[in-house]
Structure formats: structure tokens, C-alpha cells
1. Which residues, taken from the stretch 73-92, are over 13 Å from Cys44 (Cβ atoms), modelled with pLDDT of 95 or more and open to solvent by less than 30 Å² (accessible area, probe 1.4 Å)?
2. Just checking, which of Ser37, Ser18, Ser84 is more than 14 Å from the chain's Cα centre (by Cα) and among the small types (Gly, Ala, Ser)?
3. Select from the stretch 23-53 the residues that are open to solvent by 20 Å² or more (accessible area, probe 1.4 Å) and farther than 19 Å from Ala104 by Cα and list them in ascending order.
4. Name, by its number, the condition in (1) modelled with pLDDT under 95; (2) assigned to a loop (DSSP other than H, G, I, E, B) that does not hold for Glu25.
5. So, of the residues in the stretch 93-102 that are assigned to a helix (DSSP H, G or I) and open to solvent by less than 60 Å² (accessible area, probe 1.4 Å), which turns out to be nearest to Arg78 (Cα to Cα)?
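The values are calculated or read from the model by the stated rules, or taken from the named source; none is laboratory data. A quick note: this is a predicted structure, and the numbers were derived from the prediction, not measured. Here the Cβ is made from the backbone with ideal geometry for all residues, glycine too, and neighbour counts use every protein chain on show. To get the accessible areas, we keep the full protein, side chains included, count just its heavy atoms, and leave off ligands, DNA and RNA. Shrake-Rupley method; radii C 1.70, N 1.55, O 1.52, S 1.80 Å.
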Amino acid sequence: MHYQMGSWGSYMSSRSVSDPLERVERLASENAVVIFSISSCCMCHAIKRLFCGMGVNPTVHELDEDPRGKEMEKALMRLLGTSSAVPVVFIGGKLVGSMDRVMASHINGTLVPLLKDAGALWL
């Protein structure tokens, strides 16, 4: 099996285009800030409000509105090693993590530089 380094630092095997983890990676790399969400999730809403309040316009993929959303949700759970897949945030194509990791980055001051480096924030 051939392995290559993913853009967010995990090893992944070469996969077909229909592979949900490959789809997550592709979608995550298409914009500066990408959030995988479920429309009825309160934590997802809070993370979207955090970014919008900072002047960042994230691309949001609502997994419950995507025909292949359940597959992507399972892939995100495997990637994170958790039982809850959302919200998951990628900045500059790199996995930041779920709500706790994003809030920790915001509190310790590392979130804004990440956003600036990705071209999502200019101030």
C-alpha cells in the first residue's frame, strides 16, 4: 500500500475519489477556513458565530444536508478519534480540531495568527 503525507499532517493511504476522508481533505483545502457542521448543533452554531464575530467568513459544510454527510461524519470521527465529529475546523487546509481546540487556540492567542497566515483575516 502506498502512503503519502496529507495536508493536515496525518498519514493516509491512496484512496479513490469517492472515499469520504479524501472528500473531507479536498473540501478542507478549498478555502481559508472550513467548518464541518450539522445545522442543528449548538456547538457548531457557536463556532460559526465566533469566526463571523472576528470578521472571518468561513465555508461551512452542513453534513446533515449532504447526501454523503454521514460517511464524512464517520471519517471525521476516525480522524479526531472522538465519538462526536462536529464541529471540525480546518484553517489553511490544516486540521485545527473541534470546539475545544479552537477555543483553546483563541484563548492562548494562536488562532488569529493562523487566520492571518491562511489569508482569512487581514487586521
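1. First pass over the stretch 73-92, keeping only residues over 13 Å from Cys44 (Cβ atoms): 74-75, 77-83, 90-92.
Within this subset, residues satisfying the condition of being modelled with pLDDT of 95 or more are 90-92.
The answer is Phe90, Ile91.
2. Values: Ser37 fails: more than 14 Å from the chain's Cα centre (by Cα); Ser84 fails: more than 14 Å from the chain's Cα centre (by Cα).
Answer to the selection: Ser18.
3. Narrowing the stretch 23-53 to residues open to solvent by 20 Å² or more (accessible area, probe 1.4 Å): 23, 25-26, 29-32, 38-43, 45-46, 48-50, 52-53.
Matches in the stretch 23-53: Arg23, Glu25, Arg26, Ser29, Glu30, Asn31, Ala32, Ile38, Ser39, Ser40, Cys41.
4. (2)
5. Going through the stretch 93-102, the residues assigned to a helix (DSSP H, G or I) turn out to be 99-102.
Among the residues that remain, those that are also open to solvent by less than 60 Å² (accessible area, probe 1.4 Å) are: 99, 102.
On the way: Met99: 16, Val102: 19 Å.
Ranking the candidates gives Met99 first.
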